[in-house]
Structures are given as C-alpha cells and as structure tokens.
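A short worksheet on the structure shown next.
Since every read-out is calculated from the coordinates, none of them should be taken as a lab result. Computed from a prediction, not measured in an experiment: that's the story for all the values here. We place every Cβ from the backbone using ideal geometry, glycine too, and count neighbours over all the protein chains shown.
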Amino acid sequence: MPLKPAKCYTHQQKPPYTRREYIHGVPPPKITKFVMGNTKLNPEVRLVLKALERGIVRHNALEAARVMAHKFLSTEINEQNFILIVRKYPHQVLREHKMMAFAGADRLQEGMRRAFGKPVGVGSVVNPWDEVIEVLGYKQHIEILKEALRRASTKLPVKCSIDIEPLE
C-alpha cells in the first residue's frame with residue numbers, strides 16, 4: 001500500500017523551521033479566511049475541535065477542514081447563526097528533498113548528499129489539547145455544530161475531540 005503524500009509530515013522530530021526572512025521560495029498558505037459566519041452573533045454555546053496528539057497539520061488540510069465545516073453549517077443552519085474560527089496558523093515551513101524518477105536519473109542526482117530540502121508548503125504544529133477549530137452558535141443547533149466539527153476532523157491528520165462549553 002503506497003504512503004499518503006502528507007504522512008511523512010504529520011509527525012516531525014526536526015526543530016522548528018519558521019524564520020521566513022532566511023527562507024526563500026516559501027509558498028503562501030492555502031487557507032484564506034480564519035473567521036467566517038456572523039461576527040456580530042451573541043452565541044449561547046461554544047464547541048471546540050481539540051487535537052489529542054502532537055503532529056503537524058498541513059495548510060491544505062486546515063483549508064479542507066474549514067471548507068467542509070463552513071459549507072455544512074451554511075447549508076444546514078443559515079450564515080447568520082454561527083461563527084467559525086480557525087485557531088491555528090501555518091507557520092512551520094515543510095521541506096522536501098526531491099528525487100528524480102526517470103530513466104538515467106541515477107547518474108544525475110546526488111542521492112542523500114546535502115539533502116536539506118526545498119520548501120514545499122507550510123503547516124501548523126499542534127500539541128495535545130490545542131484548539132484547532134472553534135464554532136460558536138445557539139443551543140438549538142448544537143447537534144448540527146457537532147456534526148460540522150466531526151466532518152472537519154476527518155480532514156485532519158491527527159486524532160481530535162469535540163468539547164462543548166456553555167456561554168453566559
């Protein structure tokens with residue numbers, strides 16, 4: 001069974017690689033909006049998607065989770081009945097040592113010599129109990145809000161839990 005493309009980035013033992021002023025050619029993160037819905041809402045309940053393990057969530061996984069949750073919430077309950085906030089920003093620059101894969105490539109490439117890698121994307125480091133996505137809404141929509149976060153968690157490479165907090 002072949003590996004998934006992001007599997008080699010999920011658990012990383014390398015030190016943080018975030019100083020963009022020294023790194024050239026870092027692609028921008030795909031995630032564009034971090035707050036969606038009705039920002040003037042007076043919410044009654046807060047649901048939080050929390051990571052249960054340490055790992056790196058790539059920017060395209062965060063964007064996929066955001067799109068999935070936002071689309072589900074805006075179709076089930078109106079755009080005016082929730083606030084969706086993505087709490088993690090992708091700072092960690094991910095590197096890859098690209099290998100050539102064609103006939104005669106063994107005479108061209110250097111193998112693992114000087115294999116620091118080139119920037120291929122960004123991700124955010126999550127630790128256990130870090131808040132990844134937050135949804136605020138009304139008590140009558142609590143099951144729909146839970147389902148939206150459950151669907152968003154399927155797009156993330158780390159195990160997640162949903163916490164519910166009533167607001168005063």
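Before moving on, here are some points about what is shown:
- One decimal place: the segment residue 131-residue 21 gains 36.8 nm when fully extended, by the rule 0.36 nm per residue minus the C-alpha distance.
- The gain in end-to-end length when the residue 159 to residue 116 segment is fully stretched comes to 12.5 nm, 0.36 nm per residue minus the alpha carbon separation.
- Under the Debye formula (equal points on every Cα, no solvent term), log10 I(q)/I(0) of the chain at q = 0.08, 0.12, 0.18 Å⁻¹: -0.31, -0.61, -1.08
- Folded to 0 to 90 degrees: helix 142-153 orientation relative to the chain principal axis, Cα: 0 degrees
- Of all lysines in the structure, those lying under 30 Å Cα to Cα from residue 71, and not within fewer than 8 positions of it along the same chain, are 4, 7, 30, 33, 40, 50, 88, 139, 146, 155, 159.
- Residue 91-residue 39 pseudo-label distance in nm [points 7 Å out on the Cα-to-Cβ vector]: 2.3 nm
- Across the stretch 42-54, rounded Karplus estimates of 3J(HN,Hα) from the backbone phi angles (6.51 cos²θ - 1.76 cosθ + 1.60, θ = phi - 60°) give 9, x, 9, 9, 10, 10, 10, 8, 10, 6, 9, 9, 7 Hz, Gly and Pro being marked x.
- Sequence-ordered 3J(HN,Hα) estimates for the stretch 115-125 from the Karplus curve with 6.51, -1.76 and 1.60 and θ = phi - 60° stand at 8, 6, x, 10, x, 10, x, 10, x, 10, 7 Hz, glycine and proline given as x.
- With Cα atoms, 0 to 90° folded angle of helix 59-76 axis to the chain main axis: 20 degrees
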